[in-house]
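Visitor: What follows is a single structure, and I will ask about it in a moment.
All of the numbers you see were taken from the coordinates with simple rules; none came from a lab. None of these values were measured; they are calculated from a predicted model. Neighbour counts run over all protein chains shown; Cβ positions are idealised from the backbone, glycine included.
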Amino acid sequence: MRLLLSETGSPAPGTDVDDAALREAYAAPADRAWLRVNFVASLDGAVTGADGRSGSINTPADFRVFSVLRQLADVVVVGAGTVRAEGYPALRDEDPEAPVLAVVSNRGELPPTVAAMTSPRGAALLITCESASSSNVSAAREVLGDDHVVVVGKETVDLRAARAALEDRGFRSILSEGGPSLFGTMLSAGVVDEVDLTWAPTLVGGEHGRITSGPDLDVALTPMLLLEEDGTVLSRWRVDH
């Protein structure tokens with residue numbers, strides 16, 4: 001993997017980046033909690049391939065960074081629909097560094113696969129709101145335990161309160177992997193510190209979604225890092241609050 005741009009100016013552009021250097025390049029600030037969002041997209045902006053999943057536009061370079069971000073994270077925050085669509089098998093392994101999964105659902109629906117997603121750091125979490133179905137929330141409490149169901153917000157999940165609740169649990173490095181609706185809402189709520197975006201060297205056409213959905217946004221970003229491998233371009237952007 002080749003470095004194209006670094007905010008720090010070091011190492012020099014054109015330098016090959018090994019795994020240790022990649023971890024350092026993507027390290028979050030040590031002096032504060034940090035929430036980043038990671039996506040892959042085709043060159044024409046699609047967030048999924050023909051099968052409706054992001055995996056069909058992944059590349060080896062993207063998977064390498066995806067794995068590093070998982071290793072650096074304490075918790076992965078994902079919308080319930082994305083969990084159902086993508087499966088999230090990587091959170092079921094025995095790696096002691098595997099992050100906790102936190103599923104966001106306004107309806108309080110816990111995807112059936114989540115019960116098996118207990119990391120060595122703890123059981124999965126459901127983040128929901130007061131208007132969620134009481135039967136859904138009760139079912140989630142039976143599966144996960146009362147302490148692993150976080151209720152924040154009235155009609156919809158209050159993402160500022162959700163982030164604060166995660167930080168209160170000691171989760172300093174927070175990674176979200178979408179989906180687009182959750183990402184758009186997070187940006188609107190002002191809780192995102194960083195966006196990590198991979199451009200896969202492919203065009204898919206069709207009517208696929210983008211990395212954000214929902215109301216219009218006007219969010220400025222500053223480039224922090226740019227890498228390339230076999231045509232895949234990987235970027236790291238800081239949100240200008």
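Visitor: If you place +1 on the Cβ of every Lys and Arg and -1 on the Cβ of every Asp and Glu, how big does the dipole about the Cα centre of the stretch 116-241 come out, in debye to the nearest 20?
Guide: Working: 10 positive and 19 negative charges, 55 e Å.
Here the stretch 116-241 has a charge dipole of around 260 debye.
Visitor: Between A30, A162, A41, where does the largest GNM mean-square fluctuation fall for the chain, given springs only between Cα atoms within less than 10 Å?
Guide: Among A30, A162, A41, the largest GNM mean-square fluctuation belongs to A30.
Visitor: Compute the angle between helix 134-144 and the longest alpha-carbon principal axis of the chain, please, reported from 0 to 90 degrees and rounded to the nearest 10.
Guide: Taking the Cα atoms of the chain, the angle to 134-144 is about 70 degrees.
Visitor: Let me ask something else about it. Compute the angle between helix 180-189 and the longest alpha-carbon principal axis of the chain, please, reported from 0 to 90 degrees and rounded to the nearest 10.
Guide: Here the helix axis deviates by roughly 90 degrees.
Visitor: Can you give the charge dipole size of the chain about its Cα centre, rounded to the nearest 20 debye, using +1 on the beta carbon of Lys and Arg and -1 on the beta carbon of Asp and Glu? Working shown, then result.
Guide: Details: 20 positive and 35 negative charges, 77 e Å.
Its charge dipole is roughly 360 debye.
Visitor: If you plug each phi of the stretch 219-224 into the Karplus form 6.51 cos²θ - 1.76 cosθ + 1.60 with θ = phi - 60°, what whole-Hz ³J(HN,Hα) values come out, in order, with x for Gly and Pro?
Guide: In residue order, the calculated couplings are 10, 8, 9, 10, x, 10 Hz.
Visitor: Residue by residue, what Karplus-based ³J(HN,Hα) values in Hz, rounded to whole numbers, does the stretch 28-33 have, using 6.51, -1.76 and 1.60 with θ = phi - 60° and x for Gly and Pro?
Guide: Using θ = phi - 60°, the values come out as 7, x, 7, 9, 7, 6 Hz.
Visitor: So what are the ³J(HN,Hα) numbers for the stretch 225-237, from phi and the Karplus equation (6.51, -1.76, 1.60; θ = phi - 60°), rounded to whole Hz, Gly and Pro as x?
Guide: For the stretch 225-237, the Karplus curve yields 7, 9, 10, 9, 8, 6, x, 7, 10, 10, 9, 10, 10 Hz.
Visitor: What's the angle, to the nearest 10 degrees (0 to 90), between helix 159-168's Cα axis and the longest principal axis of the chain?
Guide: Its long axis makes an angle of about 90 degrees.
Visitor: What residues have an amide H closer than 5 Å to that of T198, excluding those fewer than 5 places away on the same chain, when H is modeled at 1.01 Å from N in the peptide plane?
Guide: Distant-sequence amide H within range of T198: F39, V40, A41, S235.
Visitor: Compute the longest continuous run of the chain that contains no exposed GluC sites (Glu not before Pro); treat a site as exposed when its DSSP state is not H, G, I, E or B and it has at most 16 other Cβ atoms within 10 Å. Each step should come with its number before you reach the end.
Guide: Working: sites that count: E7, E94, E97, E130, E155, E207.
The longest uninterrupted stretch comes out as 8-93.
Visitor: Compare the Cα positions of S6, S188, L43 along the charge dipole of the chain (+1 at Cβ of Lys, Arg; -1 at Cβ of Asp, Glu; about the Cα centre) and return the one farthest towards the positive end.
Guide: S188
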